[in-house]
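What follows is one structure encoded as structure tokens, with my remarks underneath.
The values are calculated or read from the model by the stated rules, or taken from the named source; none is laboratory data. Computed from a predicted model, the values in this text were never measured in an experiment. Cβ placement follows ideal geometry from the backbone for every residue including glycine, while neighbour counts extend to all protein chains displayed. Surface areas here come from the heavy atoms of the whole protein model, side chains and all, with no ligands, DNA or RNA. Shrake-Rupley method; radii C 1.70, N 1.55, O 1.52, S 1.80 Å.
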Amino acid sequence: MSLMKNGTIIKGIGGLYSVYSDGDIYICKPRGIFRRNQQKPMIGDSVKLAELDFVTNTAVIEEILPRKNSLIRPAVANVDRIVFVVAAAAPAPDLMLLDKMLAAAVHKDIFTVLAINKCDQNEKAAAKLAEEYKAAVNAVIILSAAENCGIDELKGLLEYGVSVLAGQSGVGKSSIINRLLEEHTMDTGELTRKLERGKHTTRHSEMFALANGGLIIDSPGFSLFEITEILPEDLQNVYPELYNNKGVCRFPNCSHTGEPDCFVAELVSEKLFGEGRYVRYKSIYRDLKEKEKSRYK
């Protein structure tokens, strides 16, 4: 029987995967059976390697081991936490995108961190955003990669396991990675002034090892995200502001979208549930309801 090794996929480009195993990196092709079974290897996957060539450091991905979780966007597996990066200034935070990503992460029971970058450009906006989301995530960090401020606090949260940075283009994910790695290893882009959008400096997801033992994945920026695995009646179960106060509402089957005497109005008035976030909750609920109806037509 040929030698086999276990490893972790840290990068994938053009059908070839870089797999880290016992201090070495192997360039690997997956078996054809994965394509036939419509199973695609993902960054973060634990895999078994076969046909190892120790001269060329190549191998074949023989098996993808069971995943504890996986995400479609960013396409990663086996993550312990997601760091959602937004900018305090430009590009303007897409909060609908953020809320949808948060819902998907909570649905999969993944630890959530909101990193508000570029606080040096607009401190008031950063503070306001932190206030709105303090009850929605496990941790909020206000930072500036440009000024190396708040990086140590973020690094402290990433000491173990696998973390993935996700968010829009241009919010500074690659700059944050550079600070975390304490060296300039990645290209960074400047914002296009006219559109206030970031150039896609990260074109593929890639995993890096931090000095403190954690692993971190940088992912390409994106602007579209749809919730696909949550039923409308279960949406409230992925909003901490709601499920942490679940027993307060007088209606056991309340959708919290405007029913008379619903407790959410009180949560909003007491600033325990951000008004803007509640408006987006109702919008997402309506979208899920429409998708549910269309499935049965």
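Check segment 262-270 and report whether any residue there is loosely packed, with under 13 Cβ neighbours inside 10 Å, of a type in the set (S, T, N, Q) and outside any helix (DSSP H, G or I).
Within segment 262-270, not a single residue is loosely packed, with under 13 Cβ neighbours inside 10 Å, of a type in the set (S, T, N, Q) and outside any helix (DSSP H, G or I).
Select, from Val238, Val279, the only residue that is out of contact with any Ser or Thr (no Cβ under 6 Å at 6 or more places or on another chain), of a type in the set (A, V, I, L, M, F, W, C) and either crowded, with 17+ Cβ neighbours inside 10 Å or within 23 Å of Leu71 (Cα to Cα) (or both).
Just one listed residue meets the conditions, Val238.
Please indicate, with yes or no, whether at least one residue in segment 214-229 is surrounded by 13 or more Cβ atoms within 10 Å (Cβ to Cβ), modelled with pLDDT under 80, in contact with a Gly (Cβ under 9 Å, 6 or more places away or on another chain) and not aromatic (Phe, Trp, Tyr).
yes
If I ask for residues that are in contact (Cβ under 8 Å) with a residue 24 or more places away in the chain and over 23 Å from the mean Cα position of the chain (by Cα), which ones from segment 6-29 would you list?
Selection gives Asn6, Ser21, Asp24, Ile25, Tyr26, Ile27, Cys28, Lys29.
Out of (1) within 19 Å of Leu157 (Cβ to Cβ); (2) modelled with pLDDT of 95 or more, the odd one out for Ala105 is which?
(2)
Taking the stated definitions as given, is Ile13 open to solvent by 10 Å² or more (accessible area, probe 1.4 Å), closer than 27 Å to Leu210 by Cα and touching a His at 6+ places or on another chain (Cβ under 7 Å)?
Spelling it out, Ile13 is indeed open to solvent by 10 Å² or more (accessible area, probe 1.4 Å), closer than 27 Å to Leu210 by Cα and touching a His at 6+ places or on another chain (Cβ under 7 Å).
Quickly run through segment 140-165 and pick out the residues that are within 16 Å of the chain's Cα centre (by Cα) and buried (at least 16 other Cβ atoms within 10 Å of the Cβ).
Val140, Ile141, Leu154, Leu157, Leu158, Val162, Ser163, Val164, Leu165
Quick one: in segment 241-252, of everything that is more than 29 Å from the chain's Cα centre (by Cα) and touching a residue at least 12 places away in the same chain (Cβ under 8 Å), which residue is most open to solvent (accessible area, probe 1.4 Å)?
Arg250
Restricting segment 92-115 to residues that are in a strand (DSSP E or B) and without any contact (Cβ under 8 Å) to a residue 60 or more places away in the chain, which is surrounded by the most Cβ atoms within 10 Å (Cβ to Cβ)?
Selected residue: Leu114.
Does at least one position in segment 116-129 carry a residue that is under 23 Å from Arg277 (Cβ atoms), open to solvent by less than 50 Å² (accessible area, probe 1.4 Å) and of a type outside the set (A, V, I, L, M, F, W, C)?
Within segment 116-129, one or more residues are under 23 Å from Arg277 (Cβ atoms), open to solvent by less than 50 Å² (accessible area, probe 1.4 Å) and of a type outside the set (A, V, I, L, M, F, W, C).
Given the conditions (1) more than 18 Å from Ile142 (Cβ to Cβ); (2) open to solvent by 10 Å² or more (accessible area, probe 1.4 Å), report the number of the one that Ala89 does not fulfil.
Single failed check for Ala89: (1).
Among the residues of segment 59-100, count how many are β-branched (Val, Ile, Thr), modelled with pLDDT of 90 or more and out of contact with any Pro (no Cβ under 7 Å at 6 or more places or on another chain).
6
Looking only at segment 63-76, decide whether some residue is under 20 Å from Phe225 (Cα atoms), assigned to a strand (DSSP E or B) and touching a Ser or Thr at 6+ places or on another chain (Cβ under 7 Å).
The answer is yes; a qualifying residue exists.
Tell me which residues, restricted to segment 62-86, are open to solvent by less than 10 Å² (accessible area, probe 1.4 Å) and in contact with a Gly (Cβ under 9 Å, 6 or more places away or on another chain).
Val76, Ala77, Val79, Arg81, Val83, Phe84, Val85, Val86
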